[in-house]
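What follows is a set of notes on a single structure, which appears directly below.
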Amino acid sequence: MDVTREDVLRCATLAHLSLCEDEVEPMRLAMAQMLTHAASLDELLLDGVEPMPAGLGRPLPRREDEPRDAFTQAQALANAPDQDRGLFVVPKVL
Amino acid sequence: MALGRAMGWRRSLDSGDLSSESLVRAAFDRIRALDGTLHAILATDEARSLDLARKADARLRAGERSPVLGLPIVLKDNLHWSGLPMTCGSRVLDGYVAPYDATVVGRLLEAGAIPIAKANLDEFAMGSSGEYSAFGPARNPWDPTRVPGGSSSGSVVAVAAGYAPLALGSDTGGSVRLPASFCNVTALRPTYGVLSRYGLTAMASSLDQVGPIAATAADLALAFGVMAGADPLDSTSVDLPGTERLADLQPLDLEGLRIGLPEEYFTDGLEPGVRELLDAALRVFEGRGARRVPVSLPHTRYAIDTYYLLCTSEVSSNLSRFDGVRYGLRVPSSDGGLPEMMARTRDAGLGDEVKRRILLGTFCLSKGYYDAFYLKALKARTLIAEDFRAAFAQADILASPVSPGTAFPFGAKTADPMSMYLADVFTVPTALAGLPCLSMPAGFTGGLPVGIQLIGPALSDVRLLEAAHAFQSLTRHHLETPTLSA
């Protein structure tokens, strides 16, 4: 399957990756190789086959949306690269 | 001193002939002597481990008994152990200290096991060789010029080299079974859900499982039994029937056991030495009344593609959390913007294989390609799981190779990612189907270990271990250990 340089850069943007220039072509080639190989699935007759998103094919259970013990604010911030007055500090968004 | 067999140490601890503290001191001596070469270990806290050992000794003196009380165990460094750094083999988690215990770690601690080290791994458990660790690869103790297998490379090497009698790895598509085969130890991938994934860093959530590792099935069962069972913190977790049999595992009566051999697994790509050892192993089973039955898993040839499409899609979602905001590495942006900070952090902190999988998964999930790749793979997964259901109508367990060959030299497959992925050809189908499977030693070819894989129906984990125990009661392959010198 054809994967273009633009495809790689579009996916990199979506995935928050700022690839170096010399990373782009090897990534393009690897993606093309894998997706070409994966074309084998086109041989399968899949009409009417249910997808299996979870291990063992069981539906994922849901729990009640109830409050429960979780991290304290201090625990949540313990690994923060930057913090101030109980908040994660990040660079400007806009 | 090599700390090979858990069961032997269990008896010595219970009889009072040995203290946990002396065992843990011996473990650290072993690590200091050998890990400069083998590089299986990323972090330790010796004082804390010794403190835990002394507490275990007090519990033993008070008459308490548990399958793992006082036994050292090594943890793959994608499992949370509160207070220790956790890297997942990646620089993007630089400085991260685990703020809580994974459920499996908590259950082991409660039962008195002594975590002694965090073990090396392929970055975020993505790899089949151990070569993708950001901190350099672990080495195979049978031949340090060869890979140990991955991604649970350090955990398996730690057991094979006698650092500890028990270890935990994780298995998404073969990551405890492949290294176990390459290093002559026994490793279980349980039925999906039997071991809680809470505190295991997510790679591909519908496939990830924690996997115990030891010299033998009976040893491995000691740790497995105290960890297994439903956990309110993991909604996919389930209880396992028969866990009361794990503390004192008995060999399965092999009379009449139907061992299915999937015809699709015996291809030209299988090395003759591996095929011969599998055949020899089957003759051992037959000698006690088991019989071979041919089975077919017709969708096997689609398993690698199905697996890598699903795995990379889940990777692209799960690894989005490593963005420099809440923990780990942060690389400042040049213009102060948040998106640039995230992108620069991820580019600097993540390795090539991780980026490759994130990009491929992002592509598969993106507009216009979701149905063509991700949804199609989910449906192919159903067909692969149905193959196994049909096979288990004819056979009680299945036997197969773990890998087409033995441990390969460093660098042999890194230039061609697809060839690395194809090394997983016998391990990914069971992962897709969520079935229990294990790798156990079956002998040597060319001086290198070979494992064989046993596969069981869902939730037959205990019986599978009993079958492996029966085999190991009749053979000596698992007793072979590498010659190592400091």
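Look through the stretch B:330-374, keep the residues that are in a loop (DSSP other than H, G, I, E, B) and within 8 Å of chain A (Cβ to nearest Cβ), and return whichever of them is surrounded by the fewest Cβ atoms within 10 Å (Cβ to Cβ). Let's see the steps before the verdict.
Applying the first criterion (in a loop (DSSP other than H, G, I, E, B)) to the stretch B:330-374 yields B:330-336, B:350-351, B:366-369.
Going one step further and asking which of them are within 8 Å of chain A (Cβ to nearest Cβ), we end up with B:330, B:332-333, B:336, B:350, B:366.
Details: B:330: 25, B:332: 14, B:333: 19, B:336: 11, B:350: 24, B:366: 17.
For the stretch B:330-374, the residue satisfying everything is B:336.
Looking for something within 30 Å of residue B:235 (Cβ to Cβ), open to solvent by 80 Å² or more (accessible area, probe 1.4 Å) and either of a type in the set (Lys, Arg) or touching a residue at least 12 places away in the same chain (Cβ under 8 Å) (or both) - is there at least one such residue anywhere in the stretch A:71-88?
Yes, the conditions are met somewhere in the stretch A:71-88.
Does the stretch B:40-96 hold any residues that are farther than 30 Å from residue B:325 by Cβ, touching a Phe, Trp or Tyr at 6+ places or on another chain (Cβ under 7 Å) and assigned to a helix (DSSP H, G or I), and which are they?
B:46, the sole residue that qualifies.
Only one residue in B:192, B:163 is assigned to a loop (DSSP other than H, G, I, E, B), touching a Lys or Arg at 6+ places or on another chain (Cβ under 6 Å) and either crowded, with 24+ Cβ neighbours inside 10 Å or modelled with pLDDT of 95 or more (or both), so which one is that? Even if it seems obvious, please write down each step before you answer.
Working: B:192 fails: touching a Lys or Arg at 6+ places or on another chain (Cβ under 6 Å).
Answer to the check: B:163.
Mind listing whichever residues of the stretch B:272-319 are among the small types (Gly, Ala, Ser) and open to solvent by 40 Å² or more (accessible area, probe 1.4 Å)?
Here is the first cut: in the stretch B:272-319, the ones among the small types (Gly, Ala, Ser) are B:273, B:280-281, B:287, B:289-290, B:296, B:303, B:313, B:316-317.
Once the filter is applied, which keeps residues that are among the small types (Gly, Ala, Ser) and open to solvent by 40 Å² or more (accessible area, probe 1.4 Å), the stretch B:272-319 yields B:287, B:296, B:317.
Only one of (1) open to solvent by less than 40 Å² (accessible area, probe 1.4 Å); (2) facing chain B (nearest Cβ under 7 Å); (3) in a helix (DSSP H, G or I) fails for residue A:33. Which number is that?
Here residue A:33 meets the rest and fails (1).
Name the pairs whose Cβ atoms lie under 6 Å apart, with the first residue in the stretch B:198-215 and under 26 Å from residue B:384 (Cβ atoms) and β-branched (Val, Ile, Thr), the second open to solvent by less than 10 Å² (accessible area, probe 1.4 Å) and at pLDDT below 95, and 6 or more positions between them or separate chains?
none
Output the number of residues of the stretch B:384-416 satisfying the condition of being open to solvent by 20 Å² or more (accessible area, probe 1.4 Å) and assigned to a helix (DSSP H, G or I).
So the answer is 3.
Just to be sure, is residue A:10 in a loop (DSSP other than H, G, I, E, B), basic (Lys, Arg), at the interface with chain B (Cβ under 9 Å from one of its Cβ atoms) and open to solvent by 80 Å² or more (accessible area, probe 1.4 Å)?
Numbers: in a loop (DSSP other than H, G, I, E, B): no; basic (Lys, Arg): yes; at the interface with chain B (Cβ under 9 Å from one of its Cβ atoms): yes; open to solvent by 80 Å² or more (accessible area, probe 1.4 Å): yes.
The answer is no for residue A:10.
Residues in the stretch B:460-486 that are aliphatic (A, V, I, L, M) and surrounded by fewer than 20 Cβ atoms within 10 Å (Cβ to Cβ): how many? Show your work before the answer.
First, pick out the residues of the stretch B:460-486 that are aliphatic (A, V, I, L, M): B:462, B:464-465, B:467-468, B:470, B:474, B:479, B:484, B:486.
Checking the rest, the ones that are also surrounded by fewer than 20 Cβ atoms within 10 Å (Cβ to Cβ) come to B:474, B:479, B:484, B:486.
Qualifying residue count for the region: 4.
For residues that are open to solvent by 30 Å² or more (accessible area, probe 1.4 Å) and in a helix (DSSP H, G or I), scanning just the stretch A:36-55, find the one that is nearest to the other protein chains (Cβ to nearest Cβ).
In the first step, residues of the stretch A:36-55 are kept if they are open to solvent by 30 Å² or more (accessible area, probe 1.4 Å); the result is A:36-37, A:39, A:42-43, A:45, A:47-48, A:50-51, A:53.
Now narrow it down to the ones that are in a helix (DSSP H, G or I): A:36-37, A:39, A:42-43.
On the way: A:36: 10, A:37: 6, A:39: 8, A:42: 8, A:43: 8 Å.
Of everything passing the filter in the stretch A:36-55, A:37 is nearest to the other protein chains (Cβ to nearest Cβ).
On the basis of being away from every other protein chain (no Cβ under 14 Å) and not β-branched (Val, Ile, Thr), does residue B:404 make the cut?
Yes.
Conditions first: (1) within 14 Å of another protein chain (Cβ to nearest Cβ); (2) within 21 Å of residue B:433 (Cα to Cα); (3) open to solvent by 10 Å² or more (accessible area, probe 1.4 Å). Residue B:266 passes all but one, so which condition is the exception?
(1)
If I ask for residues that are open to solvent by less than 30 Å² (accessible area, probe 1.4 Å) and not in a helix (DSSP H, G or I), which ones from the stretch B:417-428 would you list?
Those that are open to solvent by less than 30 Å² (accessible area, probe 1.4 Å) and not in a helix (DSSP H, G or I): B:423, B:424, B:426, B:427.
Which is assigned to a loop (DSSP other than H, G, I, E, B), small (Gly, Ala, Ser) and modelled with pLDDT of 95 or more, of B:442, B:431, B:468, B:458? It would help to see each step written out before you state the result.
Working: B:442 fails: assigned to a loop (DSSP other than H, G, I, E, B); B:431 fails: assigned to a loop (DSSP other than H, G, I, E, B); B:468 fails: assigned to a loop (DSSP other than H, G, I, E, B).
B:458 is the lone residue from the list that is assigned to a loop (DSSP other than H, G, I, E, B), small (Gly, Ala, Ser) and modelled with pLDDT of 95 or more.
The values are calculated or read from the model by the stated rules, or taken from the named source; none is laboratory data. Fair warning: this is a prediction, and the values are worked out from it, not measured in the lab. Cβ atoms come from the backbone with ideal geometry, glycine included; neighbour counts cover every protein chain shown. Note: areas computed on protein heavy atoms with side chains; ligands, DNA, RNA excluded. Shrake-Rupley method; radii C 1.70, N 1.55, O 1.52, S 1.80 Å.
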